[in-house]
1. Could you check residue 172 against (1) crowded, with 17+ Cβ neighbours inside 10 Å; (2) over 13 Å from the mean Cα position of the chain (by Cα); (3) within 29 Å of residue 77 (Cβ to Cβ) and say which number it fails?
2. Within segment 1-60, track down each residue that is of a type in the set (A, V, I, L, M, F, W, C), assigned to a loop (DSSP other than H, G, I, E, B) and farther than 20 Å from residue 170 by Cβ.
3. When you go through (1) within 13 Å of the chain's Cα centre (by Cα); (2) touching a residue at least 60 places away in the same chain (Cβ under 8 Å) one by one for residue 107, which number turns out not to apply?
4. Do we find that residue 27 is open to solvent by less than 70 Å² (accessible area, probe 1.4 Å), at pLDDT 80 or above, in contact with a Leu (Cβ under 9 Å, 6 or more places away or on another chain) and among the small types (Gly, Ala, Ser) in this structure?
5. Would you mention how many residues in segment 218-232 are modelled with pLDDT of 95 or more, surrounded by fewer than 24 Cβ atoms within 10 Å (Cβ to Cβ) and more than 22 Å from the chain's Cα centre (by Cα)?
6. Kindly evaluate residue 211 against the criterion of being touching a Leu at 6+ places or on another chain (Cβ under 7 Å) and open to solvent by less than 40 Å² (accessible area, probe 1.4 Å).
7. All but one of (1) under 22 Å from residue 105 (Cβ atoms); (2) out of contact with any Asp or Glu (no Cβ under 6 Å at 6 or more places or on another chain) hold for residue 9, so report the exception by its number.
8. Can you find a residue that is within 18 Å of residue 197 (Cα to Cα) and at pLDDT below 90 anywhere in segment 282-301?
Amino acid sequence: LWGRICQSSWSFHEADVICGMLGYNRGVPTLSSAFQPGIGRIWLNDVRCHGEESDIQDCQHSDWGSYSSSCTSSTDAGVICFNEKADLMIRLTRGKDESQGQVEIGIDGVWGGVCQTGWDIQDATVICKQLGYVYALAATYDNTFGSSLNSRAWISDLACRGEEGTILDCPYTGWNVACSTDQRAGVVCSNEAPVLDIRLVDGIDSSQGRVEVGLNGAWGTVCDYGWDILDANVVCRQLGFDEALAATNDSSFGYGRGRIWLYNVKCNGGERGLLNCSHSGWGYGVSSCDHANDAGVICKK
């Protein structure tokens, strides 16, 4: 009696076991019924393998035939199996040089992009390190490098911490996904550490003003998209104040000039400086921002 596997917890480890059972060397997981919805029973759910098991039955899983209401015909797990042992390949396309561009992943010679959903600087850091660079200067999206020429998108919703060795070690919620060609993720990589200075401009005193950051000596502003008190606290502490009284938006301290360096800053409040916060910046992905959206802070004296 044949049945299906629900995609809950489905990853490369489970795909490797399934493909090994079928006589292949490697497996790539697919989600959301990538090969059309199945029919019949759902036999397994919440399967968790180490990747070295010889049979899917040796993996941890829920009781046979037991599954939650979230498992439907649209949540069938699948695999793409290969006979070659080659690791996934990564390349950057459409950038001005090999250190930047849209991220593409090659699986057995078949290339596809990365969807920008959930894309941030931590994901970009893993990609850049995997390509041999030391730093990620930007996680880009929204057509920074133009619309993708590749209609296929392999992966979506990456959630790296920035410390992983490869993207295969990062959590994700999609593979072989539907993703528009103008929603592809990109990176700007570098072997030179960014040097970040920070200052407050056009306030009534040194404790408040428009936030300006200097990247390797070139000054610019911060877009207020997502700007909040957690971000302001990091700025104020970086400048020697105890905390922030307010995070200001809509150019409360007047319009800045020059580049808009940072966009979509997301601090948790405990970072030592803005350089340690998640962001999509360093001048990329900020087409929706102008100097009417410059962020500011008021620090507690």
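1. Tallying (1) crowded, with 17+ Cβ neighbours inside 10 Å; (2) over 13 Å from the mean Cα position of the chain (by Cα); (3) within 29 Å of residue 77 (Cβ to Cβ), residue 172 fails exactly one: (2).
2. 1, 2, 22, 35, 39, 59
3. So the condition that residue 107 fails would be (1).
4. Here the answer is no, as residue 27 does not meet what is asked.
5. The qualifying residues number 1.
6. yes
7. Against the list (1) under 22 Å from residue 105 (Cβ atoms); (2) out of contact with any Asp or Glu (no Cβ under 6 Å at 6 or more places or on another chain), residue 9 comes up short only on (2).
8. Yes, there is a match, as at least one residue in segment 282-301 is within 18 Å of residue 197 (Cα to Cα) and at pLDDT below 90.
The values are calculated or read from the model by the stated rules, or taken from the named source; none is laboratory data. A quick note: this is a predicted structure, and the numbers were derived from the prediction, not measured. All Cβ positions, even for glycine, are placed from backbone atoms using ideal geometry, and neighbour counts span all protein chains on display. Heads up: the accessible areas ignore ligands, DNA and RNA and are worked out on the full protein's heavy atoms, side chains in. Shrake-Rupley method; radii C 1.70, N 1.55, O 1.52, S 1.80 Å.
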